[in-house]
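Written below as structure tokens is the structure these notes are about.
Bear in mind that the values in this text are calculations on the coordinates, not laboratory data. This one's a predicted model, so the numbers in the text were calculated from it and none came from an experiment. Cβ: placed from backbone, ideal geometry, glycine included. Neighbour counts: every protein chain shown.
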Ligand code: 3H9
């Protein structure tokens, strides 16, 4: 018997228990002994039925993602499922936790599926730039109908047992003891006269209107911006309707292998592991205990404060918001109510859920009301003087061990911590706007921040569904510091001859949801104007637009023109004239600007700044920077993040072009970071740096 697959016999029922921690991924170490065990149980005349169950916290979470890209080892997952389908004795998958990807596909190779009430099942391969590759796109439509299967496979979202039972994806939901019920069910099936029919032989649900199916494809793939896998997945599900079973299976395999070997999947697999790696913080032992967070406070009920309060309430944490006066509280709470009402209207939460969430949020004007909070997050005006006042006041009222967090996006967390008598309890929690929606949370570790405070921030992020990255203290941390490296280039490109449309198009062609000028129009030009003023910086075009009251979408004019009630950007002749006038005033000669120049002068300085951030150990690893950019700034998922992209594209070329622009402009943003130069010479990647 192997370590990973154990066979036990229970009165004629063979129970195959898979044990491959942490998530029973179907790597070779599991596939090979499972293949053997199936053969053994099938050949044993005393065995009347077979149950496949898993030890540990979950049923199989899929194929072993780390095996992709390595030489294949037999038996493959399709071989294993074929083996299952060659067995006439009833086979039952007993599902607890999550049956995902190849895990669900294996379960679909069984005659029957029984699951815990709390189990989830799904085919999330699209999130890895893949499609199911072991029959999922062919078997699931036969079991639950093509439209339901299409929705599950293209969205990649797992479903719970109410829906699974309704769709017929599981035969029974276990009420108490899954394994005992699975064995009893298997015995019933073995003794019943009912024929045991594999999914491959069930085609009644495939008789559907193909035109309606194609409409459904359009609807579900609408959000697949710039990604290929969701479209390929839809194609594979369609094949399940139009092709014979084996032909559809062969085609699915071809499409899977094509996706597996694509850049898009390499990027998404990189992000999968990078997101998990980011929670391992150098110098903080895994076993460090997090502090308890039962109650939170937020200072400030503006857009950011209200968003943070909603993020906390969404994760089930009661929140008290502190404001200067009752009016400000009422405005903040009204904004929260309106936002939740919008979610109810869109169908993303129920009216009861809205009540529960708003019920967790209250307001106060007294610091003393925060005394029993386990964490207080400050989201006041981005000014060191104001922050100091808040932290001094908080230090006076919070109980010992409570965490004092700042939502600063630029300021020195060490300086903020120094205003309290407990700098070990101070941490930066940089949320991104809108804070209840955006996934990224930069956790800023001050010089004195205690390890268990970082651990608590990571646990809090998980509880409220954020993607955390721990970063060090510097102006703008990881994200905003890299953004600043390209920002100045945007206006320089306009002065040199480009138009806002041209710059933005280069960004959207690369896969960004929008370009920098569309972005600033959406966020408000006044926001960056105020920030420049606080930093003693200027931007000739942006400043003049602000002086003219052109703040972007909210005023109908910014770098673009917006017609009444429209969010569609139109070129603004006023902006074009302004650019030409400023260029003349500054003596800049305007010329043709190529798309390559735009990329080299915007993306490359960001990558360069990222390398400097690594050198200074502000980020622990290049993949942390990728996680920041994909989750907080809209960097295209299909490209895996700026540092991953740079490695795949070629660091040598990037360094050559940075040197070119450095010679030409003398601007420090182009001066290659020493580690980039080193990697350009050695041909290595960021992972090779020690
Ligand atoms: C597939 O199945 C293709 C087939 O259709 C065709 C094949 C021919 N492989 O997330 P966690 C690791 S594609 C390898 O922190 P949780 C993970 O890296 C696959 N490793 O736990 C982490 O390692 P570490 C389709 C995996 O409780 C540890 O397990 N399936 C895999 O928050 C714990 O993970 C998926 O896409 C894997 N498949 O969440 C499911 N899965 O501790 C992917 C996890 O060293 N997995 N690891 O950092 C998940 O969604 C979550 O892990 C899960 C548990 C919900 C299961």
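Kirkwood hydrodynamic radius computed over region 64-163 comes to 14.0 Å, based on all pairs of distinct alpha carbons. For an R0 of 25 angstrom, estimate the FRET efficiency from the Cβ-Cβ distance between residue 362 and residue 531 and round to the nearest 0.05. According to the calculation, E is roughly 0.20. Stokes-Einstein diffusion for region 495-648, with the hydrodynamic radius set to the Kirkwood value over Cα pairs and evaluated at 20 °C in a medium of 1.002 mPa s, equals 127 µm²/s. Its residues counted as N, region 570-635 yields a C-alpha radius of gyration over 2.2 N^0.38 Å of 1.61. Once both axes come from the Cα atoms, what is the angle between helix 326-346 and the longest principal axis of the chain, in degrees from 0 to 90, rounded to 10? Rounded to the nearest ten degrees, it is 40. Note that region 109-185, at 20 °C in a medium of 1.002 mPa s, gets a Stokes-Einstein diffusion coefficient of 165 µm²/s from its Kirkwood radius over C-alpha pairs.
For region 250-307, the equivalent ellipsoid built from the Cα gyration tensor has semi-axes of 40, 21, 11 Å, listed from largest to smallest. Roughly what % of Cα-Cα distances in region 265-352 sit above 23 Å, to the whole percent? I get 50 percent for the Cα pairs in region 265-352 exceeding 23 Å.
Using equal-weight Cα scatterers in the Debye expression, the normalised intensity of region 313-362 in log10 at q = 0.20, 0.24 Å⁻¹ is -0.67, -0.89. Over all directions, the projected convex hull of the C-alpha atoms in the chain averages 33.3 nm² in area.
Rounded to the nearest 10 degrees, the angle from helix 210-221 to the longest Cα principal axis of the chain is 40 degrees. Ordering 410, 604 from the fewest to the most neighbouring beta carbons within 10 Å gives 410, 604. Using the average count of surrounding beta-carbon atoms within 10 Å as a protection proxy, the listed peptides 387-398, 126-137, 527-538 rank, highest first, as 126-137, 387-398, 527-538. As a proxy for reagent exposure, 430, 198 were ordered by neighbouring Cβ count within 10 angstrom, fewest first; the result is 198, 430. Pairs of Cα atoms nearer than 8 Å and 6+ residues apart set the relative contact order; for the chain it is 9 percent. Computing Rg and the Kirkwood Rh from the Cα coordinates of region 118-242 gives a ratio, Rg/Rh, of 1.02. Along each principal axis, taking the top coordinate minus the bottom one, the Cα set of region 395-514 gives 58, 29, 21 Å in descending order. Neighbour counts of C-beta atoms inside 10 Å place 96, 231 in the sequence 231, 96, starting with the fewest. Computed from the Kirkwood radius of its Cα pairs, the Stokes-Einstein diffusion coefficient for region 236-283 at 20 °C and 1.002 mPa s stands at 165 µm²/s.
Against the main long axis of the alpha-carbon atoms of the chain, helix 229-242 sits at an angle near 30°. Peptides 300-312, 363-375 ranked from most to least packed give 300-312, 363-375, packing being the mean of other C-beta atoms within 10 angstrom over each peptide's residues. Between residue 219 and residue 399, the simple spin-label model (points 7 angstrom out along Cα→Cβ) gives 5.0 nm. The rule of thumb for compact globular proteins, 2.2 N^0.38 Å, goes into the C-alpha radius of gyration of region 616-685 1.16 times. Along its three principal directions, the equivalent ellipsoid of region 234-380 from the Cα gyration tensor extends over semi-axes of 45, 24, 13 Å, largest first. A helix-only calculation puts the chain at -15000 deg cm²/dmol for mean residue ellipticity at 222 nm, using -39500 (n - 2.57) for each DSSP H run of at least four residues, averaged over all residues. Considered as an equivalent ellipsoid built on the Cα gyration tensor, region 336-446 has semi-axes of 29, 17, 12 Å, the largest given first.
The packing ranking of peptides 348-358, 504-514, highest mean first, is 504-514, 348-358, where packing means the average number of other beta carbon atoms within 10 angstrom of each residue. Here is the size of region 1-97 from its Cα atoms: Rg then Dmax, 13.0, 43 Å.
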